[in-house]
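Beneath this line is the structure, given in structure tokens, with notes to follow.
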Amino acid sequence: MLADRRILLIIGGGIAAYKALELIRLLRRQGAAVTPVLTRAGAEFVTPLSVAALAGEPLHRDLFDLTTEAEMGHIQLSRAADLVVVAPCTADLMAKMAGGHADDLASTLLMATDKRVLIAPAMNVRMWDHPATQRNLATLRADGVLMTGPDSGDMACGEHGPGRMAEPRAIMAAIGAALSDGPLAGRHVLVTSGPTHEPIDPVRYIANRSSGAQGTAIAAALRDLGARVSFVTGPASVAPPDGVTVFAVESARQMLEAVQAALPADAGVFCAAVADWRVANAAGQKMKKQAGGLPALEFAENPDILATICAAPQRPPLVVGFAAETHDVIAHATAKRARKGCDWIVANDVSPGTGIMGGTENAVHLVTAQGVEDWPRLPKDQVARQLAARIAAELGAETGAAS
Ligand code: CTP
């Protein structure tokens, strides 16, 4: 619930602005107060009257509005809130934020605020992919700006791909996480999840049976404890959780790049089932059947993401690896912990008979420097909550911040 919380909501100019109306409704239903700000472009998509009526508060539109300035200046307006949310956040607003512009009310508020800022980007797929937007995105991330979405899918402009604004339900989850006063509030945790796909040619790939269920549950549990979660996921069959920053990748090498881009973090949980090998001679065109001949695939070793990060200068203070084994689980997991240089290993038996890989339950052993704990077989979301609580306790203990 968001009772007694105030959200400064900046509505940018995009077709997704209509979803901001639903967001206001959901916020108010949860008890939050909404200070609405509508940009000039935003007012082309939703009417000032509907925004003000739904918010139940006066709408702010102009930097040099004499009445507003007399009652409450824009500096105060930006500070009276608990969180600033920009939805939809256009490519132009992102550029202004990254460049430090303050030439209208929205950009001035974003410069003047001393509160956290959460953006829900929305734009055409080419604008999202444009190097300028990606540069601005990296700058905003480095500045600590929180982000939810964008989603992939069909867009109002008829194109397909990333750029659709996150749904109001997902933005609400991100707002809840940003305002959480859980034990991981203010902490950044990186989670890798899902399988990787290693291309053979443009239409074929090598994959594995990971569904991404356990990594998704862990990311959601960490979010629920207040962490800012960067979720680096391969092509999983379960949808990523709401309220986390998703980095969608396909191959192991892309996953490593995304992980490096998301660091630094207070903790890293490496749950992904990364392919150990890729096809070294992957074809640029579809491989055709040849009479009497079989393709000769050559393999190359993929980078070990967990081991690479454990040895990197930006190693998070707490690194948790996973070990999926089919025999001698504890012995292999203990050796893996030492070999990869991580602090903990969550080991599980993924033999077909266990139904764990792709299933809803998990039976794990937590291997740490202190020894091995056997956890009972539990639903994956319960394993996730237990692990998240352990991570929170460990980070709290480390900094003494738990008290
Ligand atoms: N891992 C990784 N990068 C890889 C391979 C594995 O980051 N290229 C991580 C996994 O996310 C997991 C841990 O390393 O946290 C162990 O993964 P697992 O597949 O069990 O181990 P492997 O290193 O592949 O060893 P083996 O295949 O010999 O069991």
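The values are calculated or read from the model by the stated rules, or taken from the named source; none is laboratory data. Keep in mind it's a predicted model, so treat the numbers as computed, not measured. Counting neighbours? That spans all protein chains shown, and the Cβs are built from the backbone with ideal geometry, glycine included. When the accessible area is computed, the model is the full protein with side chains, heavy atoms only, and any ligands, DNA or RNA have been set aside. Shrake-Rupley method; radii C 1.70, N 1.55, O 1.52, S 1.80 Å.
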Residues that are within 13 Å of residue 260 (Cβ to Cβ), of a type outside the set (Lys, Arg), open to solvent by 40 Å² or more (accessible area, probe 1.4 Å) and not in a helix (DSSP H, G or I), drawn from region 304-317: 311, 313, 314
Residue 179, sole failed condition from (1) open to solvent by 30 Å² or more (accessible area, probe 1.4 Å); (2) out of contact with any helix residue (DSSP H, G or I) (no Cβ under 9 Å at 6 or more places or on another chain): (1)
Elements of type strands (runs of 3 or more DSSP E) in region 147-211, at least 3 residues being of a type in the set (A, V, I, L, M, F, W, C): 188-193
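Residues are listed down the side, and each one gets a yes or a no for (1) of a type in the set (S, T, N, Q); (2) open to solvent by less than 70 Å² (accessible area, probe 1.4 Å); (3) modelled with pLDDT of 95 or more:
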residue: 72; (1), (2), (3): no, yes, no
residue: 77; (1), (2), (3): no, yes, no
residue: 85; (1), (2), (3): no, yes, yes
residue: 91; (1), (2), (3): no, yes, yes
residue: 104; (1), (2), (3): no, yes, no
residue: 110; (1), (2), (3): no, yes, yes
residue: 119; (1), (2), (3): no, yes, yes
residue: 128; (1), (2), (3): no, yes, yes
residue: 133; (1), (2), (3): yes, yes, yes
Strands (runs of 3 or more DSSP E) completely within region 1-97 that count 2 or more residues being acidic (Asp, Glu) and more than 25 Å from the chain's Cα centre (by Cα): none
Residue match in region 270-288 (condition: assigned to a loop (DSSP other than H, G, I, E, B), within 28 Å of residue 137 (Cβ to Cβ), β-branched (Val, Ile, Thr) and within 14 Å of the ligand (Cβ to nearest atom)): yes
Conditions (1) part of a helix (DSSP H, G or I); (2) crowded, with 17+ Cβ neighbours inside 10 Å; number of the one not met by residue 123: (1)
Region 319-337 residues that are of a type in the set (Phe, Trp, Tyr), paired with ones that are within 10 Å of the ligand (Cβ to nearest atom) (beta carbon under 8 Å, 6 or more apart): 322/270; 322/271; 322/345; 322/346; 322/347; 322/348
